[in-house]
Amino acid sequence: MSTTPECITVRTEGRVGIVALNRPKQLNALNDQLMDELGAALKAFDADPDIGCMIVTGSEKAFAAGADIGAMATYDFADVYKGDYITRNWEQIRSVRKPVIAAVSGFALGGGCELAMMCDFIIAADNAKFGQPEIKLGIIPGAGGTQRLPRAVGKSKAMDLVLTGRMMDATEAERAGLVSRVVPLDKLMDEALGAALIICGFSLPSVLAAKESVNRAFEGSLSDGVMFERRLFHAMFATRDQKEGMAAFVEKRKPDFKGA
Ligand code: HXC
């Protein structure tokens, strides 16, 4: 990045790139600058050969309490439509090819919940609260909440959350399939880092293909998805890491993956 980010902090732990949202006074409310900085940081990690996985996190009190309501309050339709405001730079996170883990503590509401859902999986602290409260503001979710939430938790619970605007706690979110694991708050980053380091230890081509193939499950038909997966599965046999991974198993030793 050419300038120092103001709304996020960026660091690395080994081969893991970590981005923390950092607008504490606004509970990490998401504005264009923050989303630009987040997108740029993730893209930079994606292009960095020394990075194998990323984590997006917030503060103990808030992953993100949504899009910045103060910034949106006076917009009219022509503003938001012409400028593609608020949402214009969100989907770039989806173009990141390496895995991105959301480590969520505190509030993940509205755009905050949508941002977490754009990541590849969510590890939640036991104080996490998820919701799509936009209905209470006279709007609806605008960054995938009505699309990704039903895919994650099914229609009934998604309708319940989107239509009532209520929050669900981490236990309910795990039961519903929105989050992959719930851990005590003080263990959140250790758990996310542990998962990220495991991923970093695998062959990068297989990690990229696995992510791409799982994402296919959310686009198009099952038969297309299965065919896509089969093509990538067969393509894995063109990598040296496949030879190494299988030879290591047969020889009862640890594989030494080279990312090729
Ligand atoms: C701007 C926000 C904010 C937000 C909180 N703050 N959420 N500012 N945008 N989304 C600010 C508050 O104004 C306050 O600032 C400070 O953060 C602390 O918040 P409090 O309300 O005092 O804290 P608390 O009582 O603990 O309540 C926490 C909360 C509540 C339940 C999370 O803040 C809340 O309901 N926030 C709004 C949640 C929401 O509606 N999100 C959806 C937004 S719409 P001051 O200056 O008073 O201290 C959306 C659309 C996305 O996300 C569309 C796609 C991009």
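Computed about its Cα centre, the charge dipole of the range 1-144 is approximately 200 debye, with only Lys, Arg, Asp and Glu carrying charge at their Cβ. For the chain, the share of accessible area belonging to carbon and sulfur comes to 57 percent (1.4 Å probe, ligands and nucleic acids excluded).
For the range 1-149, the antiparallel share of DSSP beta bridges with both residues in that region comes to about 25%.
Is the C-alpha gyration tensor of the range 174-232 telling us rounded, prolate or oblate? Criteria: a/c under 1.5 is rounded; beyond that, a/b larger than b/c is prolate, otherwise oblate. Because a/c hits 1.5 or more and a/b fails to exceed b/c, the range 174-232 counts as oblate. Of the GluC sites (Glu not before Pro) found in the range 1-63, those in coil by DSSP whose Cβ has at most 11 other Cβ atoms within 10 Å are Glu6. In the context of the full set of protein chains, residues of the chain present 52 Å² of accessible surface per residue (probe radius 1.4 Å, heavy atoms only). Since only Gly194, Met72, Gly142 are under comparison, the one whose Cα sits farthest along the positive direction of the charge dipole of the chain, derived from C-beta charges on Lys, Arg, Asp and Glu, is Gly194. Once every DSSP H run of n ≥ 4 in the chain is given -39500 (n - 2.57) and the sum is divided by its residues, what mean residue ellipticity at 222 nm do you get, rounded to the nearest 500 deg cm²/dmol? Only helices count here, giving -12500 deg cm²/dmol.
About its Cα centre, the chain has a charge dipole of approximately 680 debye under the convention of +1 per Lys or Arg Cβ and -1 per Asp or Glu Cβ, with nothing else charged. Rounded, prolate or oblate: which fits the chain, taking a ≥ b ≥ c as square roots of the Cα gyration tensor eigenvalues, rounded meaning a/c under 1.5, else prolate when a/b beats b/c? Taking the square roots of the gyration eigenvalues as a ≥ b ≥ c, the chain is prolate. Considering only Leu109, Gly225, Pro133, the residue lying farthest towards the positive end of the dipole of the chain is Gly225, judged by Cα position with unit charges set on Cβ.
Annotation for the range 30-82: chymotrypsin sites (Phe, Trp or Tyr not before Pro) lying in DSSP loop with at most 13 further Cβ atoms inside 10 Å of their Cβ are Tyr75. Take the residue pairs Lys136/Lys157; Lys43/Lys187; Lys211/Lys243; Lys61/Lys187; Lys98/Lys258 and return only those whose Cα atoms are more than 19 Å apart. Among Lys136/Lys157; Lys43/Lys187; Lys211/Lys243; Lys61/Lys187; Lys98/Lys258, the Cα-Cα distance tops 19 Å for Lys43/Lys187; Lys211/Lys243.
The values are calculated or read from the model by the stated rules, or taken from the named source; none is laboratory data. This structure is a prediction, so every number in the text was calculated from the model and none was measured. All Cβ positions, glycine included, derive from the backbone under ideal geometry; neighbour counts span all protein chains shown. Surface areas here come from the heavy atoms of the whole protein model, side chains and all, with no ligands, DNA or RNA. Shrake-Rupley method; radii C 1.70, N 1.55, O 1.52, S 1.80 Å.
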